[in-house]
Structures are given as C-alpha cells and as structure tokens.
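One structure is given below, encoded as structure tokens.
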Ligand code: AVJ
C-alpha cells in the first residue's frame, strides 16, 4: 500500500520481472512450447493492441462498444443502485466511461491492472473527469489472475460488480474460466455481478481475417513478445526466423496464435539455450469463442447464472450479465 498523488495504491505486483522470466522459461521448456499471452502487453505491445482494435478486420472492439453504447441505460439499470465497479484489466479505460456515465450513484470505481504507470495515469484522468460527481477511484496494481483484495470504499455497499470487457475471458480455457469466476465469487464474499464481454462463435471467414490482418499489425503484435524477451530477459531471438500464424480451431472453438520457427535454430534466453526445429511452434494465445450455451455452462459451473445477454444485430459479440 503506497501513496501516489491522490491515490493510495494497493500493489500486488512487486516482482513482475521475476514472473516474466520464470513463466517464459517454463513455457519454452515444455514439449509443446508456449508463452502466456498476458506478456504481449509491454508498452509497444499495448500500443499495437490499440492499433489492432482499429483494424477493419478486427470486429470485436467496435462491436462491443456499439452494444455498450446502444444498451448503456438498460445495462446500468440491471447493475442496480450504488454499485462498486471493479474492472479487471482496465487498460486505457475507454469502455469504462460509457458504463460509469450511466451507473446509478456508483459507490466507487476500482480499476485493476498490471501496468502500474498506465493504471495511475488513467485513474487520474477518471478521477478528474468525475470530480463533480465525487466518484471515488481506488486503483489496484495486480495480475488479476493471481492474488488481490478488493479495497474498501468510503461509502459502504453490498452491490459488487466485476467488469471484464474485451472478451479477455476467452484467453482462459473453459476450465480455467470456471476456476477464475469461482475465485471472483470468493473475493466478493457475498453475492456479486459480473458484466463480461464474450466474443461469439461464427464462421471462420470472419474469425480468421480478424487475426490475420492485411496491414500485418497482428503479426507485429505476436512477434513483439520475442522482442520483449530479447530486451528484458537478454534473449537473442532473430525475429525474421519466426513467422506469425493464426487459425480457428473449430473443434475447441478457439483462435490459436502461434510463432513458427522458419528453420532449425538454437535461441538463448540469458544463458539458457532453447532448440527449435524448422516448423516448430510456440503457442502464444488461445482466444475462445462462445455460444450462449457455453457461457451459461461456465456460469453455472462457477456458481453464477446468466441474467441478461446483449448482442449486436449480426450476433458477432455479446455482453452478458452474470449474477451469483
Ligand atoms: C484481448 C484477448 C480479446 O483474443 O481477440 C487480438 C487479443 N490477439 N488480436 C483477442 C488479440 C490478437 C484479444 N483479446
């Protein structure tokens, strides 16, 4: 707990570099190599992701925003009076204001993010923007997949609402999603709501271009994790010896992103050698796509029920309200 400007920051992420090194080396030592997708988001990666959200092929962001802006009043009404809104992975927070604007007398806003500077900066902007309404902003610096506590707001409330937009839930396998949602429920220590963005299953002719854009931004985003390893962990990945690959695995209903080694090569991370065969893959991301049924199944297995589902006219994306 430290004071930064107007905030008391609850900090659960003091050993970030350690976890980056440990998790990357562990992932690359497996028979099927993998790098957790949360490591995409260094400064450049976050910027590239913002660019992805603007791509013509990448429909999720603009569709989710359209759903949120079409139904904000209804959503806010469903969230109920005096909610404590807890955003998981708040990022730049442009899906936040839309919801905050319409909430009925919010108790406080709790943005949670791993990127400390980004978190403080966007929390300060929000505090300022809602100064006239006296909104309390309680930033928490944490890897929300690990441990954190919900800070206590000045104004007491029973109405806890987690906000998890962007279909980030799709980065978890169904079993991991059940574990994560159960964890949220236990953090809440009582009934709570979860407003979650979930991308929907659809034809690969729409899904695959969203992850294989013409401009090559997604490829740059994917390869950037290797540049980050080089810079932060003393790696020597040659970026032109790996290529981006993304496809829809229809059996598991997920987009898979990989980095494919274009030759036999040995790479080093610090002093650890890692051998690659030509064509060998590093899995960098799974992005699960949902149906109403699959989300309802995850909800019920984690002690939630689906109360409302909002979608766009083409059924590309959904915003769902779960309650425990
Ligand atoms: C942030 C997980 C929702 O899976 O669509 C975009 C990340 N990866 N392009 C997604 C991503 C490649 C994105 N999520």
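Annotations for the structure displayed:
- Hydrodynamic radius by Kirkwood, which averages 1/r over all alpha carbon pairs of the range 129-191, in angstrom: 13.8
- Theoretical FRET efficiency, 1/(1+(r/R0)^6), r = Cβ-Cβ of residue 307 and residue 7, R0 41 Å, to 0.05: 0.80
- When the chain is treated as a GNM with alpha-carbon contacts under 10 Å, the residue of 187, 100, 207 showing the greatest mean-square fluctuation is 187.
- The chain: most fluctuating residue of 95, 202, 32 per GNM, C-alpha cutoff 10 Å: 32
- Computed from the alpha carbon atoms alone, the convex hull of the range 16-100 holds 143 Å³ per residue.
- Between the Cα long axis of helix 217-233 and the first principal axis of the chain there is an angle of about 80°, rounded to the nearest 10.
- Put a dot 7 Å past the Cα of residue 66, heading toward its Cβ, do the same for residue 47, and the two dots end up 3.0 nm apart.
- Largest first, the three principal axis extents of the alpha carbons in the chain are 60, 46, 35 Å in whole numbers.
- In this label model, residue 238 and residue 300 are separated by 5.4 nm, measuring between points 7 Å along each Cα→Cβ vector.
- Degrees, to the nearest 10: 16-29 long Cα axis against longest axis of the chain: 50
- Cα convex hull of the range 119-225 - mean projected area over all directions, nm²: 9.8
- FRET efficiency estimate (nearest 0.05) - Cβ-Cβ, residue 268 to residue 143, R0 30 angstrom: 0.70
- If you model the range 89-151 as an ellipsoid using its alpha carbon gyration tensor, with each semi-axis the square root of five times an eigenvalue, the axes come out at 20, 12, 10 Å, biggest first.
- In the chain, the DSSP-assigned H stretches of four residues or longer account for a calculated mean residue ellipticity at 222 nm of -11000 deg cm²/dmol, using -39500 (n - 2.57) per stretch and the full residue count as denominator.
- Candidates 198, 13, 238, ranked by Gaussian network fluctuation over the chain, Cα under 10 Å, top entry: 238
- 0 to 90° range, to nearest 10: angle between helix 292-301 axis and the chain longest Cα axis: 80
Rule-based calculations on the coordinates, nothing more; no lab input. Just so you know, these numbers come straight off a predicted model, no measurement behind them. No Cβ is skipped: glycine too gets one built from the backbone with ideal geometry, and neighbour counts run over all protein chains shown.
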